[in-house]
């Protein structure tokens, strides 16, 4: 029974999520002249657990594998914090008209829950590739 449940959960993690108009538009990945855009993206091969983050200490978002969050901000310094068994933090010095990509990796399994995580800035080509392979939250 346990094994069947784990196989079913693992297979559902591989199901392609349907594209929405908002997702297609966000995947264009364009800068905004008077704002900065920060993409927080989870890789496809990652823990099946949700990774909880806050954006500059406000609210909490659960990011799943192969998903991303697009955050448009005015220029300034922003802090992204991840929460779980351990914490992770990345700070972005956002400039108008620029794009930033933050890779959010979660470690752990269904049995153990979240055992760790990391947040770090990645380069533009790698960030764009990850966003194009993911689904907008």
query: Residues in region 46-84 that are in contact (Cβ under 8 Å) with a residue 60 or more places away in the chain, closer than 21 Å to residue 123 by Cβ and assigned to a loop (DSSP other than H, G, I, E, B): how many?
result: 2
message: For the list (1) at pLDDT 95 or above; (2) part of a loop (DSSP other than H, G, I, E, B); (3) closer than 28 Å to residue 48 by Cβ, I need the number of the one condition that residue 96 fails.
response: (3)
message: Could you tell me how many of the residues in region 11-45 are more than 16 Å from residue 127 (Cα to Cα) and modelled with pLDDT of 90 or more?
response: 4
message: Could you check region 116-136 and list, in sequence order, the residues that are in contact (Cβ under 8 Å) with a residue 40 or more places away in the chain and part of a strand (DSSP E or B)?
response: 117, 119, 135, 136
Residue satisfying all of: in region 103-115; within 18 Å of residue 83 (Cβ to Cβ) and either touching a helix residue (DSSP H, G or I) at 6+ places or on another chain (Cβ under 8 Å) or not in a strand (DSSP E or B) (or both); modelled with the lowest pLDDT among these: 112
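The values are calculated or read from the model by the stated rules, or taken from the named source; none is laboratory data. What you are looking at is a predicted structure, and each value in this text was computed from that prediction instead of being measured. Ideal geometry is used to build each Cβ from the backbone, glycine not excepted, and the neighbour counts take in all protein chains shown.
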